[in-house]
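Inspection log for the structure reproduced underneath, given as structure tokens.
The values are calculated or read from the model by the stated rules, or taken from the named source; none is laboratory data. Note that the structure is predicted; figures quoted are calculated from it, not measured. When we count neighbours, we look across all protein chains shown, and the Cβ atoms used for this are built from the backbone with ideal geometry, even at glycine.
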Amino acid sequence: MAVNIPGLISVIVFYILILVIGIIAARKSRSTSAENSFVANRSIGLWLSFFTITATNIGGGYINGTAEAMAFSGLIWTNAPILYSISIGVAGVFYAPKMRRGGYVTMFDPIQAKLGDRAGSLLFFPQLMGDVFWSAAILSALGSTMSLILDLDPVLSIIVSTCVAVFYTFIGGLYSVAYTDVIQLICLCVGLIVACPFSFFHPSVDLSRVQDTWLGELPTNMIGIYADLCCQLIFGGLAWQVFYQRVLACKTASVARTSSIVSSFCSLLFAIPPAAIGVVGAAADWNATSYTGDVPIPTEYHSFILPMVLNYLCPLPVAVLGLGVVAAAVMSSADSSVLASGTVFAKNIYKDVLRPQASDREVMWVLRVGIVVTGTLSCVLAILVKSVYGLFYLCSDLVYVILFPQLTCILWIGFTNTYGALTGYALSLFLRVAAGDALLGIPALIQFPFYTEADGQLFPFKTLAMIVNFVAIISVSAFTRLVFRRRWLSTRWDVFNVMKREEDAKRGEKRGESLMMKERHDGNRDPDYAQNEKLKLRDNYMQ
């Protein structure tokens, strides 16, 4: 089979377009401090914020996974788009404004301000692993798609796509990522909308084949796991740095809230075309197409149903346009992941823990090195490891089980301290790992209720671990605070200085209140400005 030359040319043109836009946008990031570069000088308005949040959410896994679930499991198991959209909406209403008003640079700033730089940095590792494995999984999917449609070597496709995404992220940071997201989202929208009618009206497609199966089934014994999955998709999405990097770059808290809410609705709308393509894939008679593989489609090829529909049920120009859809979706997620990990490492690990005296120039180069290292690791994993998606699946569990309770308690429960946070971290991590994972071959050390050898854990153990995390954080924090405040134990034993940190926070709050009163007296009516300064003073006292 020869290389698809027209398709190859169109992909090259698409990549050149993305590079040019990334390079142009990079000019906006010059002559700024490191922190301003991390959050694009907090200059992103409503429309750009909406585009970049939506494009980041709608990655290669989102559209490919939606089509796969709809084709082979039915609507009831195609719950990720709906629940992800709810997650963004919840984050937009409750989390985004609070984080933006805090004037933070990364999601981990309030965590380190509350727990201390070193203890807070421990929470970075589930996020880092999730970003690396997620990028690797979607790059691997892109390589397989290009191999299917263009007959290109998948390894070469993965390497080239990684290099393009890393290059414009390296030179432009968040500016380049945000502006290229606009083009990627437009390509995604046009490609999916154009492909749907062609695939539906292909002669091999008969929708009557799926009229009794498209809804899917939920066996009674799977209700617990289904509920677990739903909770993970909603609440696990509230603690990802890729989302907060955009929120914290918005001009105001109001912009952050509005763009997040609009993005949640649009993300749901963008799931309709790939879901429809999944139905087409299930309704097609593949023997009546040019497809020469096994029928029914083997399990290992289920994740390729969207590119298969584009390739075998659509004309070549539409298939090539659809390939641009997959490439756009993958790159809009891959660049965000490598930038998020690079930013947190440069700011929260290198600057705050390893070298507090580091200059802006030094921190910027650490960011760039972090981007390259994260991109390289993702690329290597995408090429070498066959269970990349399984690794990401476990890491996304850790974000739900560990990061979500920690971030929530730190933002809303004022007495949360390092003792409670570390206790919750350890207990929830142990429970999650002890539950095992069949996909990764990790045996179950704890057999929760309803466990069977055939089906594994049927109890919602991830939600249990998350709740244990919450309970441990709140109870241990309250207990240790009481012990030190009542002098039942001398503050000499307060190894994490939580009482000193609490007193410093109170002084910062009082100084901030004075500043807010002065701003009102002077006629400054911008509540976000005054609140930002108040919270900055509080956190500065705590450092």
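Just a few scattered comments:
- In the set (1) more than 30 Å from K347 (Cα to Cα); (2) among the aromatic types (F, W, Y); (3) at pLDDT 80 or above, the condition left unmet by F14 is number (3).
Yes/no matrix, rows are residues, columns are (1) outside any helix (DSSP H, G or I); (2) surrounded by fewer than 17 Cβ atoms within 10 Å (Cβ to Cβ); (3) modelled with pLDDT under 90:
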site: L429; (1), (2), (3): no, yes, no
site: L439; (1), (2), (3): yes, yes, yes
site: L445; (1), (2), (3): yes, yes, no
site: I467; (1), (2), (3): no, yes, no
site: A472; (1), (2), (3): no, no, no
site: F479; (1), (2), (3): no, yes, no
site: L482; (1), (2), (3): no, yes, no
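- Some residue of the stretch 82-91 being touching a residue at least 40 places away in the same chain (Cβ under 8 Å), farther than 24 Å from V255 by Cβ and in a helix (DSSP H, G or I): yes
- Yes/no for S157 being free of Cβ contacts under 8 Å to residues at least 24 places away in the same chain, in contact with a Pro (Cβ under 8 Å, 6 or more places away or on another chain), part of a helix (DSSP H, G or I) and not charged (D, E, K, R): no
- Hey, C395 under 21 Å from C230 (Cα atoms), in a helix (DSSP H, G or I) and at pLDDT below 95 or not: yes
- Looking only at the stretch 38-81, and only at residues there that are within 20 Å of the chain's Cα centre (by Cα), part of a helix (DSSP H, G or I) and polar (S, T, N, Q), the one that is farthest from S135 (Cα to Cα): S49
- Criterion: out of contact with any Lys or Arg (no Cβ under 6 Å at 6 or more places or on another chain), within 30 Å of V39 (Cα to Cα), buried (at least 21 other Cβ atoms within 10 Å of the Cβ) and not small (G, A, S) - qualifying residue of V166, V262: V166
- The residue list T220, T258, T213, T292 contains one member that is out of contact with any Asp or Glu (no Cβ under 9 Å at 6 or more places or on another chain) and either closer than 30 Å to I159 by Cβ or basic (K, R) (or both), which is T292.
- Any hit, the stretch 193-210, residues being assigned to a helix (DSSP H, G or I), under 22 Å from the mean Cα position of the chain (by Cα) and aromatic (F, W, Y): no
- Checking each residue in the stretch 112-132 for being over 18 Å from the mean Cα position of the chain (by Cα) and not polar (S, T, N, Q) picks out A113, K114, L115, G116, D117, R118, A119, G120, L122.
- Selection within the stretch 300-324 - of a type in the set (V, I, T) and at pLDDT 80 or above: I305, V309, V318
- Any hit, the stretch 206-226, residues being out of contact with any Gly (no Cβ under 9 Å at 6 or more places or on another chain), surrounded by 15 or more Cβ atoms within 10 Å (Cβ to Cβ) and among the polar types (S, T, N, Q): no
- Of the helices (runs of 4 or more DSSP H) lying entirely inside the stretch 95-151, the ones with 1 or more residues being closer than 30 Å to P6 by Cβ are found at 124-150.
- Residue match in the stretch 314-325 (condition: within 28 Å of A239 (Cα to Cα) and out of contact with any Lys or Arg (no Cβ under 6 Å at 6 or more places or on another chain)): yes
- Filtered residue count, the stretch 213-244, keeping only those that are under 17 Å from R432 (Cβ atoms), of a type in the set (D, E) and outside any helix (DSSP H, G or I): 0
- Residue match in the stretch 411-426 (condition: crowded, with 17+ Cβ neighbours inside 10 Å and either free of Cβ contacts under 8 Å to residues at least 12 places away in the same chain or under 29 Å from V385 (Cα atoms) (or both)): yes
- Within the stretch 119-131, residues that are under 12 Å from F345 (Cα atoms) have Cβ atoms under 7 Å from residues that are of a type in the set (D, E, K, R) in no pair, counting only partners at least 6 apart in sequence or on another chain.
- In the stretch 315-326, the residues that are more than 17 Å from I186 (Cβ to Cβ) and in contact (Cβ under 8 Å) with a residue 60 or more places away in the chain form Cβ pairs under 8 Å with partners that are among the β-branched types (V, I, T) and crowded, with 19+ Cβ neighbours inside 10 Å, at six or more places apart or across chains, as follows: A319/I149.
- Hits in the stretch 258-312 - residues which are part of a loop (DSSP other than H, G, I, E, B) and among the hydrophobic types (A, V, I, L, M, F, W, C): A271, V295, I297
- Residue check for A319: under 23 Å from the mean Cα position of the chain (by Cα) and within 27 Å of A178 (Cα to Cα): no
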